[in-house]
Amino acid sequence: MIYRLCLIIIVIIFSSCRNEILFNQYNSMPMVWHKDSVVKFNFQIKDSFARYNTYIKVRLNDEYMFNNIYVIAALENAQGLLLIDTLEYPMALNEGELIGRKFINIVENKLLHKENFTLVKDVEYKFSIKHAMRLINKTKGLESLEGILDIGYSVEKVK
C-alpha cells in the first residue's frame, strides 16, 4: 500500500514539472539537408505574460558524419526580425557515437534555442533555420549535409 502511494506521488510530481508544449512541428528532409534549403515554421502564442523555452529538434541517422552541427536560426514577427543566431550543438561523443534519444537507427536531439524567453500573445511568428556546416580548412559551406531526416521546432511554456 505504501509502495503504491509513493509511486503515485512520484508520478504526480514528475508530470507536474513538465513544461506545456504549445507548438511542436517537424519538416521531413530527403535524407540530406542542402545548404540553400531553409526550413520554416509559423506559430502563434495564445497566452500572454508567460515565459517560454524554444527548441530546435533534429532527427538523424548513422550517415551523419560530424560531431556537431552549426545552424543559422532566425525568429521574426510581423514587425520584422527579432533575432538571428549562429548556433553550434554537439551531436556525437568524441568516439563518434551519436548522442540523443535513440530509436533503432534514428537519433533525436532536442536542442535548446532560447531559454526563459518572452513571446507576445496573438502575434504570428516565423522561425527559419538552415545549416552552416563546412569542412575543416574550407571557407565554402558544405553543399549537402547527409543523414538529416527531420528538422523540428517546439515552443514550451515554462512552469
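In region 22-66, what count of residues is obtained for those that are surrounded by 15 or more Cβ atoms within 10 Å (Cβ to Cβ), assigned to a loop (DSSP other than H, G, I, E, B) and of a type outside the set (A, V, I, L, M)?
5
Considering region 85-102 alone, what residues qualify as being assigned to a loop (DSSP other than H, G, I, E, B), over 17 Å from SER154 (Cα atoms) and modelled with pLDDT of 90 or more?
Of all residues in region 85-102, those assigned to a loop (DSSP other than H, G, I, E, B) come to 91, 93-97, 99-100.
If we keep only those that are over 17 Å from SER154 (Cα atoms) too, we end up with 91, 93-97, 99.
Across region 85-102, the qualifying residues are MET91, LEU93, ILE99.
Would you be able to tell me the number of residues in region 69-83 that are modelled with pLDDT of 95 or more and either surrounded by fewer than 15 Cβ atoms within 10 Å (Cβ to Cβ) or outside any strand (DSSP E or B) (or both)?
Adding up the residues that qualify gives 1.
The values are calculated or read from the model by the stated rules, or taken from the named source; none is laboratory data. Here the structure is a predicted model, which means the values were calculated and not measured. Cβ atoms come from the backbone with ideal geometry, glycine included; neighbour counts cover every protein chain shown.
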